[in-house]
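The values are calculated or read from the model by the stated rules, or taken from the named source; none is laboratory data. Owing to the predicted nature of the structure, the values given are computational and were not obtained by experimental measurement. Here the Cβ positions follow ideal geometry from the backbone for every residue, glycine too, while neighbour counts run over all protein chains shown.
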Amino acid sequence: MPLAARLNELRQRLGLSQQDMADTIGIHVNSWKKYENAQAFPSLDALKKIAIALQVSTDYLLFDEYERGHTYALALQFEAVSQLNEGEQAVIREVLESLITRYQTRRWDSARKVTKEGS
């Protein structure tokens, strides 16, 4: 998906007007409209501000999914988690630790069964 379409989609998903976005990143609304219409490309500084405002990484704005590795989606989710408050992050860490422990336990049990059966 081209940058212009991605900017439009993300802005609308957050319920922001073009004026809201322009105000948030400190540019004139006409500049934002040019970004969304693919008539101009944001500077690096503006791109950084846009990524923060839209709660995504600059990689997400610039690269299509097929251009990145399969773990990229997970990296984007971790990026989004980093935007949450400490309490929300703690809950997510607990859930992840629980899932990882559960997975490792299953692997260990499976390996132990294979070893027992082979004896």
Any pair with Cβ under 6 angstrom, 6 or more apart, that starts in the stretch 10-31 at a residue that is in contact (Cβ under 8 Å) with a residue 40 or more places away in the chain and surrounded by 18 or more Cβ atoms within 10 Å (Cβ to Cβ) and ends at one that is assigned to a helix (DSSP H, G or I) and aliphatic (A, V, I, L, M): L10/L54; R11/M21
Residue count for the stretch 16-38, restricted to those that are of a type in the set (G, A, S) and either at pLDDT below 95 or under 21 Å from F63 (Cα atoms) (or both): 1
Output for the stretch 34-54, where each listed residue is surrounded by fewer than 16 Cβ atoms within 10 Å (Cβ to Cβ) and not β-branched (V, I, T): N37, A38, Q39, A40, F41, S43, L44, D45, K48
